[in-house]
Amino acid sequence: MGEYKKYTAFAAIMMCIGIVANILPYFFLYQIISPLTRGESISFSYIMLRVLYVAICEVIYSFSYVQGLSFSHISAYNTLKNIRISLQGKLEKQPLGNIQELGTGRIKKVFTDDIDQIELLLAHAIPEINFVDFVNFNFFGIILGSF
């Protein structure tokens, strides 16, 4: 990833913030439901404050997750550009006979289809799976521990 590694790191951070903000509403709902199941009364202002927290969390989630995807795509597309430039340099150094042997269809497939498949890994799998799942499992355990 080289020079665009920082965008992947920013993407992971923003997605982690988004995931935490997406999980917190369940905790706030628990704070509303738990006293009611024990037969306790709660005030309307207590409920409205938790509803406000849920709304704030959803706004934070929307912003940070989309921003995280934006950062990951900046990193991915620039990395794909660099891969194509590198392949072009290697292709230019090949003898013309080797290039004709490969055929234009195969070269086109490598430059477009094969490299585009890497985009899914770079833009989605790396920032989402590695960091977001880590946060999900840890935060879920924290919430379960609070019961």
What pairs come out if I take residues in segment 56-83 that are under 29 Å from GLN117 (Cβ atoms) and pair them with residues that are open to solvent by 50 Å² or more (accessible area, probe 1.4 Å) and of a type in the set (Ser, Thr, Tyr) whose C-beta lies under 8 Å away, six or more apart or interchain? PHE71/TYR7; SER72/TYR7; ILE74/TYR7; SER75/TYR7; ASN78/TYR7
Quick check on my filter: what residues within segment 109-128 are surrounded by 11 or more Cβ atoms within 10 Å (Cβ to Cβ), at pLDDT 75 or above and either of a type in the set (Asp, Glu) or over 27 Å from the mean Cα position of the chain (by Cα) (or both)? LYS109, ASP114, GLU119
Pick from GLY18, GLY39: which is small (Gly, Ala, Ser) and part of a loop (DSSP other than H, G, I, E, B)? GLY39
Could you identify the single residue in PHE44, PHE27 that is in contact with a helix residue (DSSP H, G or I) (Cβ under 7 Å, 6 or more places away or on another chain) and over 30 Å from TYR4 (Cα atoms)? PHE27
Do we have ARG38 as surrounded by 13 or more Cβ atoms within 10 Å (Cβ to Cβ) and without any contact (Cβ under 8 Å) to a residue 40 or more places away in the chain here? no
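The values are calculated or read from the model by the stated rules, or taken from the named source; none is laboratory data. Just so it is clear, the model here is predicted, and its values are computed rather than measured. FYI the Cβ positions are ideal-geometry reconstructions off the backbone, even for glycines, and counts take in every protein chain you see. Surface areas here come from the heavy atoms of the whole protein model, side chains and all, with no ligands, DNA or RNA. Shrake-Rupley method; radii C 1.70, N 1.55, O 1.52, S 1.80 Å.
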